[in-house]
Amino acid sequence: MRFLHTGDWHLGKVFHEVSLIEDQREFLRQVCEELESARKGGNPYSALLVPGDVYDRAVPPAEATQLLSRFLNTVHSSFPELHLFFIAGNHDSAGRLSFARELLDSQNIHICTDTSHYTEPVVLENGGEAVCVYQLPFLYPLSISSDDEKLLRTQQEQYEYALSRILQVHDKSYSGIPAVLCAHLFTAKSAVGSSERSFVGTAEMVDTDVFNGFTYCALGHIHKCQPCGSEKRVYYSGSPLAYDFGDNPDTFMLSVTVNGTDVPSVQKIPVRPLHRLAVLEGAFSDFYGASADKKLIEKYRDCYVKISATDTSVVQGAMSLLRTNFPLCLSFVPKIYASASSSGSVQERKSAIESKNSCQIFEQFLSDAYGSSGFEEELPAEEKQCVQDEKKLFSELSKGLSW
């Protein structure tokens, strides 16, 4: 039995003030394309597993909900036998994601946003084979209650208890049938990317040993595609698009074949992004002007780019100029801004402030703004005189300051 595993869609995400809805629409088109390709190949998928963070925020924009609605309609119309599993992640609103859940459940669209029935599987049957699919949304403290009324506060405690209960019920009622889990959590030793919500770094991690007994675990929460544990039964599909310039630009869906309780076969299916992310570094003249690198411009013209300029001088209106060659340039970081945050520069700033010398403070400000203390030597005579006049004016205005 085959499963298509893809999570952390973050529909409605805005990246550097740019909506990614068209990029996400293209990804969902590729999901449909993969489903159709499998059917034509005579080995169709039995289910689509989406382990959380369907939306990017609790109150998603209308265009994001419309995109999901159209996707569900298209998939259900084209593949009526396909089961779709969605769980709530930490970015999702359980109440909103569960809209029309009971109605959709009768259409093979299973949405899990709470733990009221977490030990009850959806049993899939196909060609004499059967698989039990269990769903657990993102667990907040006390999401799981134990039979002995012990308070389960940590993620480790909750998952240890919940998964042991699932396996107890499974062994009693569905012995010999493979058990597949769809969950949203942070496992120990998983590699974290740059785009996960900041609290991932401090969220409680769950040891992969708690998944022992499951044939396959489709996990969400971490944006890098990766296996977890030694048995290769636990996987993150990662996000379908790179959502930060620090993320790996290569993203995937996972095609999972479950054959009894053996270790499943997992194949990566590359996602072809509408716009790739790229980080470029060089002199400003490499990206704009008569000496700009034409091959570089041609290669990255349709990419979302972040440009780091190595120049030590300030370029006025840099983003507007860069976007003439790189229309999707989303970030420009001059070297002088990076150097201004260095420990040495911070110490110089601190010393200038502690001196209570207005001229020294103004000198430090100019040094930070232009990238070096010797910037005046590079200025034309007219601009150099302007800087000298500003220094004199600042000195005069600062005479009455009370430190």
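Values quoted throughout were computed directly from the atomic coordinates according to the rules given, and no laboratory measurement underlies them. As the structure is a computational prediction, the values presented were derived from the model and not from experiment. Using ideal geometry, Cβ is built from the backbone for each residue, glycine included, and neighbour counts are taken over all protein chains shown.
Compute the FRET efficiency between residue 207 and residue 347 as 1/(1 + (r/R0)^6), taking r as their Cβ-Cβ distance and R0 = 41 Å, and round to the nearest 0.05.
Efficiency for this residue pair is about 0.45.
Which translational diffusion coefficient, to the nearest whole µm²/s, is obtained for region 67-124 from the Stokes-Einstein equation, given a Kirkwood hydrodynamic radius over C-alpha pairs, 25 °C and 0.890 mPa s?
In µm²/s, the coefficient rounds to 201.
For a distance above 12 Å, tell me the whole-number percent of Cα pairs in region 274-316 that qualify.
Within region 274-316, distances greater than 12 Å cover 61 percent of Cα pairs.
Pull out the extension gain between residue 17 and residue 296, defined as 0.36 nm times the separation in residues minus the alpha carbon to alpha carbon distance; nm, one decimal.
Values: separation 279, 0.36 × 279 = 100.44 nm, distance 2.44 nm.
This chain segment gains 98.0 nm when fully extended.
What FRET efficiency do you get for residue 114 and residue 360 if R0 is 56 Å and r is their Cβ-Cβ distance, rounded to the nearest 0.05?
It comes to 0.35.
Could you rank the peptides 111-118, 386-393 by their average count of other C-beta atoms within 10 Å per residue, with the highest value first? Write down the numbers at each step before the final one.
Details: 111-118: 17.5, 386-393: 12.1.
Descending mean neighbour count gives 111-118, 386-393.
Using alpha carbon coordinates only, what is the Rg to Rh ratio of region 174-301, with Rh defined as the Kirkwood radius?
Reported Rg/Rh (Cα atoms, Kirkwood Rh): 1.14.
Report the normalised scattering of the chain as log10 I(q)/I(0) at q = 0.10, 0.12, 0.15 Å⁻¹, calculated by the Debye formula with identical scatterers on the alpha carbons.
-0.76, -0.95, -1.29
What ranking, highest mean first, results for peptides 313-324, 171-182 when packing means the other Cβ atoms within 10 Å averaged over each residue?
171-182, 313-324
Suppose every Lys and Arg Cβ carries +1 and every Asp and Glu Cβ carries -1, with no other charges. What dipole size does the chain come out with about its Cα centre, to the nearest 20 debye?
400 debye
Compute for region 1-112: radius of gyration divided by Kirkwood radius, i.e. Rg/Rh, restricted to C-alpha atoms, rounded to two decimals.
The Rg/Rh ratio comes out at 0.96.
What whole-number value in cubic angstrom gives the convex hull volume per residue for the C-alpha atoms of region 32-187? Don't jump to the answer; show the numbers that get you there.
Details: hull volume 20.3 nm³, N = 156.
Cα convex hull per residue, to the nearest whole number: 130 Å³.
Could you pull out every residue, at least 5 positions away or on a different chain, whose amide H is within less than 5 Å of the one on residue 234? Hs are placed 1.01 Å off N in the peptide plane, and Pro or chain starts have none.
217, 228
With N denoting the number of residues in region 231-306, provide Rg(C-alpha) divided by 2.2 N^0.38 Å, to two decimal places.
Output field value: 1.64.
For the chain, what is the percent of antiparallel DSSP beta bridges, rounded to the nearest 5?
That works out to approximately 35 percent antiparallel.
If you take the charge dipole of the chain about its Cα centre, with +1 on Lys and Arg Cβ and -1 on Asp and Glu Cβ, which of 91, 239, 117 is farthest toward its positive end?
Sorting the options by dipole projection puts first 239.
For residue 335, give me every one of the lysines with a C-alpha distance below 28 angstrom, ignoring sequence neighbours fewer than eight places off in its own chain.
Candidates past the 8-residue exclusion: 294, 295, 299, 306, 350, 384, 391.
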